[in-house]
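Read through the structure below, which is laid out as structure tokens, and then see the notes.
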Amino acid sequence: MKLDRLLAITMILIHKKRIQAKELAEMFDVSVRTIYRDIETINQAGIPIVSYPGANGGIGIVDSYRLDKNVLTKEEMAAIAIALKSVSTGYQDNHTNVVLSKIEGMLRTQEAQVFKTISEQVFIDVSPWDAELSQKEKITQLRQSIAASHLVSFVYHPASGEPSQRTVEPHTLMLKAQKWYLYAFCTSRQDFRLFKVARMKDLFIHPDDTFERKEIALDQNVWSKEWHSSTQVIELVLRFSPQMRHRVEEWFGLESITHEDDGSCIVRVDYPEDEWLYGFVLSFGHYVEVIEPPHLRNIIRDRAQKTFSLYATIPQET
């Protein structure tokens, strides 16, 4: 991840007077050209870094400028450490350990224990309970393809419809609701699409095929806008049993809920209608009733009846 590398380079330059660009490139497994681009980025952030010629030359911070090691407090460095450790549970990244060791190297001996205590107070494990090694490897491969701007091919199995072969320009990995997604430009659809990583099969990275990254506005949460702009969005009215109150409040938010005198909850939300929605409603079992729209009520009823029919007959023992 570029941010990790930039932070690590900055920490190295704080502790070393000068270092060769080639040495940094080997350390982070990138090209010398990439290192010089990183140096320019750090310069733009206000830390003056220059190249010194000669046998004892290299890259270093301008002699007249020294970054105060206290620019980050122990609490702030612990927050960075927590974030890096948490992200690393989702994919393999050797640079994370480098960054963490550099952060720890900034601390004086008496500060190290305080930092360790603070950084261990919170740990966010983004991997699911039933995480498979193949899933983590897939995330790692996708992340590497994004960093190298390599095209990626895979067979995509959507929730509805037939599987299809896709070749995409990967731009961003996203973790949402404990699921990993790839935001990529699909070459066959000629538009950006959001792909669920768990639905990708036969992933292949094209080492000789690169692309030029397109401008995307991640801060505007483009995938959520696309999801809510679907032409299939419908208005739902759901009634939940009192036993589900806390789960409903956490999922939908208090603004969408009306509490009834009997303790039940009425929820009014807008969701796209697709297979995901049917499965989502059915996941609440008999604790939810669809009030509106009528056609969705019929769909849920029919599917529930089919599920009941599977268990209506007790199989004969053999």
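The values are calculated or read from the model by the stated rules, or taken from the named source; none is laboratory data. Owing to the predicted nature of the structure, the values given are computational and were not obtained by experimental measurement. Cβ coordinates were reconstructed from backbone atoms using ideal geometry, including for glycine residues, and neighbour counts include every protein chain displayed.
The set of residues in the range 276-291 that are farther than 19 Å from F308 by Cα and either in contact with an Asp or Glu (Cβ under 9 Å, 6 or more places away or on another chain) or modelled with pLDDT under 90 (or both) comprises W276, L277. Taking the criterion of being surrounded by fewer than 18 Cβ atoms within 10 Å (Cβ to Cβ) and either under 20 Å from G279 (Cα atoms) or touching a helix residue (DSSP H, G or I) at 6+ places or on another chain (Cβ under 6 Å) (or both), the residues of the range 174-195 that qualify are K176, A177, Q178, K179, L194.
Evaluated against (1) surrounded by fewer than 18 Cβ atoms within 10 Å (Cβ to Cβ); (2) at pLDDT below 70, T34 falls short on exactly one condition, (2). Screening W251 with (1) at pLDDT 85 or above; (2) surrounded by 15 or more Cβ atoms within 10 Å (Cβ to Cβ); (3) assigned to a helix (DSSP H, G or I) gives one miss only, at (1).
Across the range 230-242, the qualifying residues are those that are of a type outside the set (D, E, K, R) and at pLDDT 90 or above, and the one among them that is surrounded by the most Cβ atoms within 10 Å (Cβ to Cβ) is F240. Within the range 152-168, the set of residues being in contact (Cβ under 8 Å) with a residue 24 or more places away in the chain and either of a type in the set (D, E, K, R) or closer than 15 Å to Y183 by Cβ (or both) comprises V152, F154, Y156, R166, V168. Test S153 against the stated conditions and say whether it is farther than 25 Å from P272 by Cα and crowded, with 16+ Cβ neighbours inside 10 Å. Answer is yes for this residue. Within the bounds of the range 202-223, is there any residue that is of a type in the set (F, W, Y), under 25 Å from G161 (Cβ atoms) and modelled with pLDDT under 80? Checked the range 202-223: at least one residue is of a type in the set (F, W, Y), under 25 Å from G161 (Cβ atoms) and modelled with pLDDT under 80. Restricting the search to the range 175-186, which residues are in contact (Cβ under 8 Å) with a residue 24 or more places away in the chain, within 18 Å of S149 (Cβ to Cβ) and of a type in the set (A, V, I, L, M, F, W, C)? Listed by number, the residues that qualify are L182, A184, F185.
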